[in-house]
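Below is one structure; the comments refer to it alone.
Computed from the coordinates by the stated procedures, all read-outs in this text should not be read as laboratory data. Keep in mind that this is a model prediction, so the values were computed, not measured. Glycine also receives a Cβ, built like all others from the backbone with ideal geometry; neighbour counts cover every protein chain displayed.
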Amino acid sequence: MKVIAHRGYSGKYPENTMLSFQKAVEAGCDGIELDVQTTKDGVVVVIHDERVDRTTDGEGFVKDYTFEEIRKLNAAKLFPHVTDFEPIPSLEEYCAWMAQNNIFTNIEIKTGVYYYEDVEKKTVEIVKKYGLEDRIIYSSFNHMSLEKVKRLLPEASCGALIGGNGLGNAGYYCASCGLEYYHPSYKTLNDQVIENCKAHGVKLNVWTVNDMAELEKLYAWDCCGVITNFPQVCKAYVKFKENENR
Ligand code: G3P
Ligand code: MG
């Protein structure tokens, strides 16, 4: 079972910053999940909310900032005890760093609220520039973004993100859409969903797993990956289970 650091090591460090990504790698994660949107001048940046208010010292929408402007904001606002300042990374900065690290990345394209013109094309171009095609899983709550990624890069791995109550017949849905993964909330899982995905050859990466009981259950279900704010704890558990099974 792969351990995927949700927005980096966001349980202990400012989410979606290079610091949280570096710390996730130090914690031994297998992969990193991050969120992308674009600025007013079309730069792909790594940030979760459509507004900058919660995680930075600025206010307003990501889409109303130029890259030069957004870069000055402090994305470490919620972690003053950890660091004074962390900028919002560009996806390009992240990919240049990832090329030097032995991890995979789940790029979540945040087009569920606003549609950012050509964000899929820009994202795929950056991934290609750094030769990372084989180490990326694209996901989105807006499945049209995944369809666009597949058109641009047919060999890309994609996962259908689903919130709310989950999706009925999810394995069938993902397989029919040509999606390799289903990315549900843990809360929506049960034996039937797991069986349905397995029957259709669809792999599961489940979010956001910060609870030991959930982790145990997902391991028993033989899930492909867990997306967690605490990669160090999850990795220790997976290693323990692997030793136990030896
Ligand atoms: O990709 C898994 C998870 O990140 C989806 O929800 O809101 O944390 O981006 P959110
Ligand atoms: Mg996300």
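Some notes on this structure:
- Any hit, the range 32-53, residues being basic (Lys, Arg) and within 16 Å of ligand 2 (Cβ to nearest atom): yes
- Flag for Asp211 being acidic (Asp, Glu), touching a residue at least 40 places away in the same chain (Cβ under 8 Å) and more than 30 Å from Ala96 (Cβ to Cβ): no
- The range 178-190 residues that are among the β-branched types (Val, Ile, Thr), paired with ones that are surrounded by fewer than 17 Cβ atoms within 10 Å (Cβ to Cβ) (beta carbon under 9 Å, 6 or more apart): Thr188/Gly163; Thr188/Gly164; Thr188/Asn165; Thr188/Gly166
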